[in-house]
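Data first, discussion second: the structure below is written as structure tokens.
The values are calculated or read from the model by the stated rules, or taken from the named source; none is laboratory data. Please read all numbers here as calculations on a predicted model, not as lab measurements. Note that we place each Cβ from the backbone using ideal geometry, even for glycine, and neighbour counts take in every protein chain shown.
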Amino acid sequence: MRMTRAIELFATHLEKVRRLSPATVRAYRNDLRALVETTDDVDIADVDLEHLREWLWRAAQRGDERSTLARRTSSARAFFRWAHEEELVPADPSLRLVAPKRGRTLPRVATADALRDVLDRLERVAADGEPIALRDHAVLETLYGAGIRVSELCGIDVDDVDLDRGAVRVLGKGSKERVVPFGAPAKRAIGAYLTRARPVLRARASAGGPALFLGARGGRLGPRAVYDLVAREVGPALGSSAVGPHALRHSAATHLLDGGADLRAVQELLGHASLGTTQIYTHVSSERLAAAYRLAHPRA
């Protein structure tokens, strides 16, 4: 079987069996198509370790970062492990493929005071009742208050929100549902949005829809609009316009740990499959502690 055909079958497996998101499947496909260019679309059974090493070497020569090379290594391993299980290859050629070590990049986190200033200002602006201002305030309060992903936020329907309990049901990675709590500020912001803004925005669309957060034309709010909102409102607090919704998720996790939350509770809240993913936020807190020590201790 040619590599291109095997890759498409693998992509279907990722989508239908493992139920990965379209973006994740697309990333796997793009990585493996680059491998096809290196191997000239040979039969998958003819690909060996040297093909894989040359593929990574060429990527490194182009200047790809270590994180990109590590991701491609992971893609190749997943692909050939599947191919071996499906008996498309006699042996897995990726078993001895070594991924370059990743440099640890700590997530960017806004201080609690900085975010409080941003959200308080948006609340004052929204007090005038302008629908978009009410929506924007509710969006940021929900992102930070629940610590959810932008895809999860955009997928929320009205029926997913329980204002009495202060909780929202979201669909995370791998189509896994979880119920996430949020605090009183988010509850007030969502309530005001539902009462005073969503009906106005909803009236702008020709057909109804269940989405909680709506765009200016009445359709479901998309990730791009949320990215623009976060960059505009939260970016100054982090000193950069290149700030996305994940900064609020990072900030929520770090502030929970700083406040004494249990690591496993934060893992469940964020919907991380692995505790190791959550542990990066303990490094963020440690970095802050070290910075405070260097600034304050006379023997630092």
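Can you say whether Ser94 is in contact with a Phe, Trp or Tyr (Cβ under 7 Å, 6 or more places away or on another chain), at pLDDT 85 or above and not charged (D, E, K, R), as far as the supplied structure shows?
Working: in contact with a Phe, Trp or Tyr (Cβ under 7 Å, 6 or more places away or on another chain): yes; at pLDDT 85 or above: yes; not charged (D, E, K, R): yes.
Taking the combined requirement at face value, the residue satisfies it.
Scan segment 119-141 and give yes if some residue there is closer than 15 Å to Leu212 by Cα, more than 25 Å from the chain's Cα centre (by Cα) and not hydrophobic (A, V, I, L, M, F, W, C), otherwise no.
Yes, segment 119-141 has at least one match.
Go through segment 60-102 and report how many residues are charged (D, E, K, R) and not in a loop (DSSP other than H, G, I, E, B). Walk me through how you get there before you give the answer.
To start, the set of residues in segment 60-102 that are charged (D, E, K, R) comprises 62, 64-66, 71-72, 77, 81, 85-87, 92, 96, 101-102.
Among the residues that remain, those that are also not in a loop (DSSP other than H, G, I, E, B) are: 66, 71-72, 77, 81, 85.
Within segment 60-102, residues that are charged (D, E, K, R) and not in a loop (DSSP other than H, G, I, E, B) number 6.
Failed condition for Ala253, given (1) farther than 27 Å from Ile132 by Cβ; (2) aliphatic (A, V, I, L, M); (3) in a loop (DSSP other than H, G, I, E, B); (4) at pLDDT 80 or above, with all others met?
Ala253 satisfies all of (1) farther than 27 Å from Ile132 by Cβ; (2) aliphatic (A, V, I, L, M); (3) in a loop (DSSP other than H, G, I, E, B); (4) at pLDDT 80 or above except (3).
Can you tell me which residues in segment 147-182 are of a type in the set (Gly, Ala, Ser) and at negative phi? If you could, list the steps in order and put the result at the bottom.
Our first condition is that a residue be of a type in the set (Gly, Ala, Ser); within segment 147-182, this holds for 147, 151, 155, 166-167, 172, 174-175.
Hits for segment 147-182 are Ser151, Gly155, Ala167, Gly172.
Give the residue that is nearest to Tyr144 (Cα to Cα), with candidates limited to residues of segment 224-274 that are surrounded by fewer than 21 Cβ atoms within 10 Å (Cβ to Cβ) and among the basic types (Lys, Arg).
Taking the candidates together, the pick is Arg232.
Would you check if Ser74 is of a type in the set (S, T, N, Q), under 25 Å from Thr277 (Cα atoms) and under 21 Å from the mean Cα position of the chain (by Cα)?
Numbers: of a type in the set (S, T, N, Q): yes; under 25 Å from Thr277 (Cα atoms): yes; under 21 Å from the mean Cα position of the chain (by Cα): yes.
For Ser74, the condition - of a type in the set (S, T, N, Q), under 25 Å from Thr277 (Cα atoms) and under 21 Å from the mean Cα position of the chain (by Cα) - is met.
So Tyr193 clears everything in (1) touching a Leu at 6+ places or on another chain (Cβ under 8 Å); (2) within 15 Å of Ile148 (Cβ to Cβ); (3) hydroxyl-bearing (Ser, Thr, Tyr); (4) modelled with pLDDT of 85 or more except one condition, right? Which one?
It fails just one condition, (2).
Only one of these is assigned by TED's automatic domain parsing to the domain that holds Val266 and either in contact (Cβ under 8 Å) with a residue 40 or more places away in the chain or basic (Lys, Arg) (or both): Gly222, Gly155, Gly191, Gly208. Name it. I'd like the intermediate steps shown before the answer.
Numbers: Gly155 fails: either in contact (Cβ under 8 Å) with a residue 40 or more places away in the chain or basic (Lys, Arg) (or both); Gly191 fails: either in contact (Cβ under 8 Å) with a residue 40 or more places away in the chain or basic (Lys, Arg) (or both); Gly208 fails: either in contact (Cβ under 8 Å) with a residue 40 or more places away in the chain or basic (Lys, Arg) (or both).
One residue alone meets the criteria, Gly222.
Hey, any hits in segment 1-22 for a residue that's assigned to a helix (DSSP H, G or I), over 26 Å from the mean Cα position of the chain (by Cα), polar (S, T, N, Q) and under 21 Å from Leu95 (Cβ atoms)?
Within segment 1-22, not a single residue is assigned to a helix (DSSP H, G or I), over 26 Å from the mean Cα position of the chain (by Cα), polar (S, T, N, Q) and under 21 Å from Leu95 (Cβ atoms).
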